[in-house]
Structure formats: C-alpha cells, structure tokens
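Asker: Take this structure, written in structure tokens, and hold onto it; I'll ask about it next.
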Amino acid sequence: MNTAVYGSKVAAALLVATVLSLAVPAAAQDWPSWRGRGQTGVSETTGLVSSWSPDGENLVWSDAWVGRSTPAVFDGRVCANGRTGSGVDEQEVVACWNADTGSKLWQHNYNVNNTTVPFNRLGWGNVTGDPDTGYLYAMNIDGHLNAFDRDGTVVWSRRLAEELGRASGYGGRTSTPLVDEDQLLLSIIGAGWGNLGGPPRHRYFGFDKMTGAVRWTSTPGGTVADMNTQSVGVVGVINGQRLWIDGNADGRLYALKARTGEKVWEFHLSKRGINVSPVLDGETVYVAHSEENVDASTMGRVVAIDATGTGDVTATHERWRADEMGVGFSSPLVHDGRVYVIDNSANLFALDTASGAVQWEQSVGTVGKASPVWADGKLFITETNGNVTILQPSATGATELDHDELMVPGENRAAEIYGSFAVGYGRLYVTSEAGIYSIGNPTDSFVARAGTAPDLGAELAATSTPSVLQVVPAEIIASAGDTIEFEVRAFDAGGRFLGVQQATWQVDSLAGGSVSTQGVLTTDARASNQAGTVTATLGGLTAVAQVRVFAPLPWSENFESGRPPFWIGGGGSLAVEDLGGNQVFRKGASRTGIHRHATYLGPADMSGYTVQVDVLATEQGRRRPDIGLINSGYTMDLQGNRQKVQIQSWAAELRIKEEVDFPWEPDTWYRLKLRVDLEGERGIVRGKVWPRDATEPTDWTITAEDPLPNRTGSPGIIGYSPINIYFDNVSVVENQ
C-alpha cells in the first residue's frame with residue numbers, strides 16, 4: 001500500500017507544474033540512468049538527509065514493490081522494473097510513480113518466454129530514462145526491449161532473441177540501455193544470422209532512440225567466456241573522439257566510436273566476462289573484476305587505464321593496478337582523488353586515483369553486488385542482504401552516519417538489494433525486495449527539473465571527408481511485397497556525423513527484389529522466404545544492410561538447399577548434414593556453456609499458426625536429449641530421460657506446465673506438432689507426437705490452457721542436447 005506523506009495531487013498537473021517551475025535549487029537535479037547522467041555514480045545534489053528509517057524517519061513515501069535494480073528519476077517521475085505474482089501470474093513488470101507523492105502513474109507487465117532465468121532474477125537490468133523525450137527504455141530478462149512514452153504507451157518494441165539472436169543464459173545478468181545523443185546503445189550476447197552468424201559473440205548495437213531501428217552493430221571481441229554479463233558502458237570524448245567504453249564477455253574492455261561502433265582500442269583484463277561497469281574520469285578509465293587474471297594465477301584486480309591509446313593497449317596503457325581485489329560486480333566510484341570500490345565480500349576500499357594505493361577499507365555487509373553513490377559529501381551504499389548504509393568519507397576512513405536493514409514484509413528475513421541509490425530532486429530513491437522508497441526531508445519543497453548534461457569534453461571539428469558509411473536501418477525484417485526506405489549516413493575518421501548522403505545502390509540474394517536510386521527496396525510479393533543484403537556505395541566506401549523477407553504462410557523446409565539463411569539463433573553446434581541420404585539439420589553438444597539452444601524461424605509478431613517438425617535423437621550411455629518446438633513463446637519438449645511430453649512457458653519456472661508420459665526410442669523419427677489459439681482472454685496450447693511413419697492420431701497428445709497468454713512470438717525449434725539430435729521437414733501453417 002502507498003504511504004505517501006504529502007497530500008494527494010493530480011499527477012498530470014503536478015508534473016507540468018514542477019517541470020515548468022522557475023525555482024531551481026541545486027537539489028532539483030535528476031538521475032535518468034543507473035549511475036546518473038555521467039554514468040559516474042556522482043551527484044552534485046546538496047541538502048540530502050543523513051539518516052532515515054523504513055518505519056518513518058525521513059521516509060517521504062514508499063510503495064509495495066519487488067525490485068532488483070536501480071530506479072531512474074527524470075521528468076518528475078521515478079521508474080523501475082521488478083517482478084510480480086506467483087505461479088501462473090509470475091511476470092516481469094515496469095512502472096513509473098509520481099516522484100513527489102508516490103502515486104503510481106502506470107504499470108506494464110510482461111510474460112517471460114524462452115529463457116532459463118529463474119523468477120527471483122527478473123528485472124536485473126536497469127531501466128533508463130531520456131529527459132529529452134520523456135521516453136523510458138527497459139529490457140526484460142528474455143530480451144524484450146521496449147520504449148515507453150510518458151503515459152506508459154509502448155512507442156516501439158524489439159524482441160532481441162527472435163530478431164537479433166540474443167541468447168539468454170540462466171544467470172540472468174542483463175545489460176542496461178544507455179541513451180547517448182539520438183541513439184540507444186546496448187550490448188547483447190548471442191548468435192545472429194548472415195554476417196552476424198556463427199558462434200555466440202558479445203555484440204554492440206546503436207539503435208535510433210525514437211524508432212528502434214538498428215543503425216549499426218559491432219563485434220569487436222572473440223570467444224565469449226560467459227553468456228551473462230552486465231557491464232554498462234560509459235561515453236566520453238577522448239582525443240577529440242566520442243567513445244563508448246564497455247566490458248565484454250571475452251574478458252576485455254573495448255573503446256568504440258560511439259556513433260559507428262568502430263573499435264579504437266582494447267584492454268585484456270580477465271579470463272572471464274566483465275560484469276563491472278567502467279568509470280571514466282578525464283582520460284583515465286577505472287574498472288575491475290574478480291576472476292582469474294590474464295597474466296597471473298591470482299584472482300581479481302582493479303586497474304586504471306590510459307584511455308588515449310589505439311589498438312591493443314594491454315601492455316602499454318595501464319596506469320596502475322591493485323591486485324587480488326575481488327571486485328566482480330560493484331562498479332567503481334571516482335571522486336575527489338579517491339576510487340571507491342566494493343569487493344564481493346562487501347568490503348569498501350578507498351584507493352588513491354594516482355597510484356591505486358589503498359587508503360582505507362571498511363565492511364558494509366557480507367555480499368557486494370551494488371555500486372556506491374556519492375552525493376552531498378556522503379557515500380550511499382546498499383548491500384545484498386538488506387543493508388543500507390550512509391557514510392561520511394575522509395582521507396583516513398569513513399564515519400557511519402546511518403544504517404538500516406530492510407526486511408521482507410511478513411517474512412523473517414532480510415530483503416535482497418542489488419540496485420544502487422538514485423539521487424533526484426533532493427531525495428534518494430531505492431528499490432529492494434521489500435519495496436520502493438523515497439527518502440528525504442518531508443518538509444522540503446519538491447522541485448523537479450532536468451539536470452545538466454555532463455561535459456564530456458570538446459570533439460575535434462568534423463572534416464568534409466567521409467570515412468565510414470551506415471545504411472539505416474542496418475537490420476530489417478520484412479514481409480514479401482513490402483517496400484523499405486533506406487538512408488545513407490556518413491561519418492568522418494573521428495566518428496563525427498557528416499549528414500545523410502546520396503549513394504548508388506545494389507541488392508543481393510533477394511529474388512525479385514529491386515532498389516531505387518533513392519534507396520527504396522521493393523521486395524517480391526511472390527517470393528518465398530529469403531535473406532539478402534542491400535549495399536550502398538559512395539566513392540570508395542560501402543555499407544551493407546541485412547534483410548530478411550518472409551512470405552505468407554504456409555512455409556516448409558527440408559534442408560536440401562542447406563541451412564535457411566533467414567533462421568536466427570542457435571550457435572556453432574548447428575549444421576546441415578547428410579543422414580541416410582537425406583539432408584537434415586543437426587544440433588550437437590555446445591563447445592562451451594549450456595547445451596540448450598533455440599533457433600527462430602520467423603518474425604516475432606506472428607500468431608495463430610501451427611508448427612511441425614520431424615525429430616530424431618541419439619543416445620549415449622544413459623544420456624538422452626530433449627527436443628522440441630516453439631510457438632508464440634510456448635515450448636513442447638519431447639523429454640528423453642524423463643520419457644514425457646511437456647508443454648511449458650518459461651523453462652525455469654514452468655509458469656504453464658502440462659505433461660504426459662510418452663515412452664519413445666532413440667534413433668527413431670517422430671513427428672511433433674504444436675498449435676496455439678487465442679480464445680478471448682485465454683490461450684489454448686495443443687501438442688501432438690507420433691512416430692513419423694505411422695498415421696497421424698486424431699486426438700491431441702497434450703493440451704494446456706494459459707489465463708495470461710502469450711499473444712505473439714516466432715516459431716522455432718529447440719533442443720537440450722549433450723549429444724546429437726536431428727530435425728527435418730519443418731513446416732509452419734495458419735491455424736484452420
């Protein structure tokens with residue numbers, strides 16, 4: 001229940017009044033991204049309280065909420081993501097509140113699909129606000145990226161798994177979108193298609209923040225060491241170039257030109273993926289990790305890196321290191337000559353920015369995940385086991401001003417906290433498993449105004465010579481017969497935008513497709529499913545957009561022409577091969593990581609269809625695989641070791657689960673069919689399994705009902721296979 005101290009006001013009128021207010025004290029700054037406007041964890045706000053209590057002292061308002069990340073405070077609102085429900089009602093959720101009164105303005109619930117991430121890890125990635133537009137960006141745990149307007153209406157949406165091949169590991173660590181100029185920057189890990197195909201890689205994307213169109217993608221790294229990383233990059237101007245600096249799943253830190261994705265430098269930090277977000281102070285990057293070091297058998301390191309280099313700067317641009325410091329998740333904070341870091345055991349260290357020498361340390365709990373925040377001369381720190389601490393730092397130590405322990409309502413246990421404090425409008429905002437809190441002096445007047453954009457430094461003046469081209473959109477999914485308008489954007493050698501250009505155009509591998517001199521692609525309405533490219537040429541420069549075109553149903557695929565180029569996902573263990581004189585699609589054991597992979601066959605906005613496939617599984621000792629189909633976010637698995645057929649939604653939680661016994665043999669072809677129908681407010685999911693050489697049974701093998709149905713989703717094939725499994729004769733037809 002909401003416990004607002006201030007009297008009720010009409011939300012819309014309050015927002016207008018506060019935003020237009022001319023009274024702009026220092027405390028009226030916002031916090032639109034998880035580490036503030038400069039991604040530093042530092043706020044210039046003054047006049048903050050030094051103590052509070054979840055029972056009432058300096059608690060302006062609170063609301064029931066289960067959150068795992070840091071809220072965004074902007075546009076007179078505070079917004080956050082989290083989880084809600086139990087059993088069949090379990091969902092991920094995004095909401096915004098009036099930052100003054102705590103009245104909830106809107107809430108959006110998601111079903112969670114096609115992931116093995118458990119319920120208690122939902123909402124790990126932070127939401128991000130854009131003060132210029134009022135948009136809120138949120139990516140949920142299974143890769144559903146939404147842009148919301150001020151009223152909570154979805155402006156645009158991307159399903160990153162089905163559209164761009166994003167993988168979802170069971171760990172749940174999820175990156176956070178970053179707004180920079182007119183772009184939304186985001187990294188994902190997964191296997192794409194076309195030029196992005198092959199084994200999983202950690203890729204970086206620049207989206208148009210207004211439309212969600214892909215402007216560019218970059219793959220600077222190599223083999224991923226972790227399928228889950230949560231590093232969030234920082235943008236700054238170095239050597240006159242605007243750079244996006246971020247940690248990668250291959251254990252390296254990369255600096256990319258922020259508008260084009262071109263790699264400028266790399267620094268090899270760890271043998272595992274980077275979860276800590278870097279902080280940029282002037283021309284120095286501070287970052288840390290807690291895994292095995294690349295040049296020693298020790299674990300963990302904090303490093304300062306000279307950000308002015310090019311190429312591989314591992315051996316040349318390290319300013320200093322602090323070894324055997326296991327700072328694996330909490331990001332550094334730099335202020336007034338000190339670097340503050342929290343290790344995995346929740347020990348707070350103050351290091352000298354010039355040398356890395358430890359000035360002092362202090363325990364703030366037992367598990368260090370969240371990042372510290374500095375404001376008003378104080379450190380505001382959260383810890384996983386419900387501990388909230390306010391410290392007064394100095395050159396020799398820190399004085400504890402306040403400490404509170406948040407408890408889960410109705411349960412005798414500490415509330416988990418993974419997010420950090422957000423400092424906005426003279427208050428502190430924080431979410432936890434116990435709720436969302438607005439902390440401040442209840443008698444202070446409330447003023448909401450956008451803060452000042454950070455000064456990133458001056459870029460060099462743009463030249464007149466193009467060095468890089470972009471075709472936008474760079475990734476497109478179209479229906480047969482569609483027309484798509486492309487534009488060519490040019491950039492100089494420093495990554496500075498030179499404007500939209502006229503170019504010559506070429507279309508490749510799209511049967512019946514043509515592109516006009518103005519960059520308008522017309523696809524053939526009669527063509528079958530296909531994939532190809534559109535290339536723009538200007539002078540000696542070229543840029544390519546990847547295009548997938550899908551015909552109306554029905555579809556069929558027997559693999560006689562190889563792997564369909566328009567399928568996405570899976571990874572390097574997938575291939576077409578000969579089996580008994582037929583070409584079939586094989587999924588083998590993964591080289592590293594988990595053996596469960598999904599491959600998506602079509603657009604994510606599909607509904608009202610039936611997908612069918614022939615499957616064969618091998619056996620090795622006592623090991624038998626699982627093999628199945630995906631339809632609109634529902635999975636039907638033919639389970640080898642359990643000898644069952646199961647329909648489920650969300651593998652980790654089995655939000656929807658029906659199963660029946662079904663003895664089946666290895667080295668035998670079976671036919672699987674999965675159909676989803678929307679009937680009013682419920683979904684009916686029907687599955688059928690039978691030996692391929694037998695007559696199709698009249699009755700469905702298994703049926704499940706969902707009162708909160710998935711309404712759209714790509715058809716797909718899926719398997720958990722430490723040994724080989726095979727697919728053949730895939731078809732997708734409209735429901736009759």
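The values are calculated or read from the model by the stated rules, or taken from the named source; none is laboratory data. No experiment lies behind these values; they were computed from the predicted model shown. Note that we place each Cβ from the backbone using ideal geometry, even for glycine, and neighbour counts take in every protein chain shown.
Asker: Quick one: is Val358 surrounded by 24 or more Cβ atoms within 10 Å (Cβ to Cβ) and touching a Phe, Trp or Tyr at 6+ places or on another chain (Cβ under 9 Å)?
Answerer: When the stated conditions are applied, Val358 does not pass them.
Asker: For Thr101, are the conditions met, namely being in a loop (DSSP other than H, G, I, E, B), in contact with a Gly (Cβ under 7 Å, 6 or more places away or on another chain) and either assigned by TED's automatic domain parsing to the domain that holds Gln39 or small (Gly, Ala, Ser) (or both)?
Answerer: no
Asker: Condition check: more than 22 Å from Leu59 (Cα to Cα) and either free of Cβ contacts under 8 Å to residues at least 60 places away in the same chain or crowded, with 23+ Cβ neighbours inside 10 Å (or both). Does Ala375 satisfy that?
Answerer: So Ala375 fails the test.
Asker: Can you pull out every residue in the stretch 454-475 that is buried (at least 18 other Cβ atoms within 10 Å of the Cβ) and of a type outside the set (Gly, Ala, Ser)?
Answerer: Pro466, Val468, Leu469, Gln470, Val471, Val472, Pro473, Glu475, listed by residue number.
Asker: Looking at the stretch 677-719 only, could you name the residues that are over 34 Å from the mean Cα position of the chain (by Cα) and of a type in the set (Gly, Ala, Ser)?
Answerer: Ala694
Asker: Continuing with the same structure: Looking at the stretch 680-730, which of its residues are outside any strand (DSSP E or B) and within 21 Å of Leu601 (Cβ to Cβ)?
Answerer: Result: Arg692, Pro709, Asn710, Arg711, Thr712, Gly713, Ser714, Pro715, Ser721, Asn724.
Asker: Here is a check on your reading of the model: is Ala652 in the same structural domain as Ala604 (by TED's automatic domain parsing) and out of contact with any strand residue (DSSP E or B) (no Cβ under 8 Å at 6 or more places or on another chain)?
Answerer: Judged against the criteria, Ala652 is a match.
Asker: Give the residues of the stretch 361-383 that are under 15 Å from Gly326 (Cβ atoms) and assigned to a strand (DSSP E or B), sorted by residue number.
Answerer: Glu361, Ser363
Asker: Restricting the search to the stretch 552-587, which residues are in contact (Cβ under 8 Å) with a residue 60 or more places away in the chain, closer than 18 Å to Gly602 by Cα and surrounded by fewer than 18 Cβ atoms within 10 Å (Cβ to Cβ)?
Answerer: Matches in the stretch 552-587: Pro552, Leu553, Pro554, Ser556, Asn558, Pro565.
Asker: Additional query: Residue check: is Arg711 assigned by TED's automatic domain parsing to the domain that holds Pro603 and out of contact with any Leu (no Cβ under 8 Å at 6 or more places or on another chain)?
Answerer: Criteria not met by Arg711.
Asker: Quick one: would you say Gly85 is under 20 Å from Ile656 (Cα atoms), over 20 Å from the mean Cα position of the chain (by Cα) and modelled with pLDDT of 95 or more?
Answerer: yes
Asker: Do we find a residue being surrounded by fewer than 14 Cβ atoms within 10 Å (Cβ to Cβ), among the acidic types (Asp, Glu), touching a residue at least 12 places away in the same chain (Cβ under 8 Å) and out of contact with any Cys (no Cβ under 9 Å at 6 or more places or on another chain) anywhere in the stretch 665-687?
Answerer: The answer is yes, given that some residue of the stretch 665-687 is surrounded by fewer than 14 Cβ atoms within 10 Å (Cβ to Cβ), among the acidic types (Asp, Glu), touching a residue at least 12 places away in the same chain (Cβ under 8 Å) and out of contact with any Cys (no Cβ under 9 Å at 6 or more places or on another chain).
Asker: Working only within the stretch 476-499, note down all residues that are assigned to a strand (DSSP E or B), among the small types (Gly, Ala, Ser) and crowded, with 17+ Cβ neighbours inside 10 Å.
Answerer: Within the stretch 476-499, Ala478, Ala490 meet the criteria.
Asker: Would you mind telling me which numbered condition in (1) in contact (Cβ under 8 Å) with a residue 12 or more places away in the chain; (2) surrounded by fewer than 24 Cβ atoms within 10 Å (Cβ to Cβ) Asp295 fails?
Answerer: If we test Asp295 against (1) in contact (Cβ under 8 Å) with a residue 12 or more places away in the chain; (2) surrounded by fewer than 24 Cβ atoms within 10 Å (Cβ to Cβ), just (1) comes out false.
Asker: Then there's this: Look through the stretch 503-517, keep the residues that are in a loop (DSSP other than H, G, I, E, B) and touching a residue at least 24 places away in the same chain (Cβ under 8 Å), and return whichever of them is surrounded by the fewest Cβ atoms within 10 Å (Cβ to Cβ).
Answerer: Result: Ser509.
Asker: Another question, if that's okay. Which one is farthest from Asp63 (Cα to Cα) among residues in the stretch 390-421 that are in a loop (DSSP other than H, G, I, E, B) and of a type in the set (Ser, Thr, Tyr)?
Answerer: Filtering first and then ranking leaves Thr396.
Asker: State all residues of the stretch 588-639 that are of a type in the set (Lys, Arg), over 25 Å from His144 (Cβ atoms) and surrounded by fewer than 22 Cβ atoms within 10 Å (Cβ to Cβ); if no residue qualifies, say none.
Answerer: Arg591, Arg622, Arg623
Asker: Please determine whether any residue of the stretch 332-351 is assigned to a loop (DSSP other than H, G, I, E, B), in the same structural domain as Thr389 (by TED's automatic domain parsing), on the phi < 0 side of the Ramachandran plot and touching a Lys or Arg at 6+ places or on another chain (Cβ under 7 Å).
Answerer: Within the stretch 332-351, not a single residue is assigned to a loop (DSSP other than H, G, I, E, B), in the same structural domain as Thr389 (by TED's automatic domain parsing), on the phi < 0 side of the Ramachandran plot and touching a Lys or Arg at 6+ places or on another chain (Cβ under 7 Å).
Asker: Identify all residues within the stretch 48-82 that are surrounded by fewer than 24 Cβ atoms within 10 Å (Cβ to Cβ), assigned to a strand (DSSP E or B) and of a type in the set (A, V, I, L, M); write none if there are none.
Answerer: Leu59
Asker: I need the strands (runs of 3 or more DSSP E) fully contained in the stretch 221-269, keeping only those with at least 3 residues that are in the same structural domain as Gly165 (by TED's automatic domain parsing), free of Cβ contacts under 8 Å to residues at least 60 places away in the same chain and not β-branched (Val, Ile, Thr).
Answerer: Filter on the stretch 221-269 gives 252-257, 263-268.
Asker: Mind counting the residues in the stretch 536-551 that are of a type in the set (D, E, K, R) and without any contact (Cβ under 8 Å) to a residue 60 or more places away in the chain?
Answerer: Adding up the residues that qualify gives 0.
Asker: Shifting gears a bit: Take the stretch 143-182 and flag every residue that is in a loop (DSSP other than H, G, I, E, B) and without any contact (Cβ under 8 Å) to a residue 40 or more places away in the chain.
Answerer: Matches in the stretch 143-182: Asp149, Thr153, Asp182.
Asker: Next up: List every residue pair whose Cβ atoms lie under 7 Å apart, where the two residues are 6 or more positions apart in sequence or sit on different chains, the first residue falls within the stretch 600-616 and is under 15 Å from Asn113 (Cα atoms) and assigned by TED's automatic domain parsing to the domain that holds Asp626, and the second residue, located anywhere, is at pLDDT below 95 and in a strand (DSSP E or B).
Answerer: Tyr600/Ile568; Tyr600/Gly569
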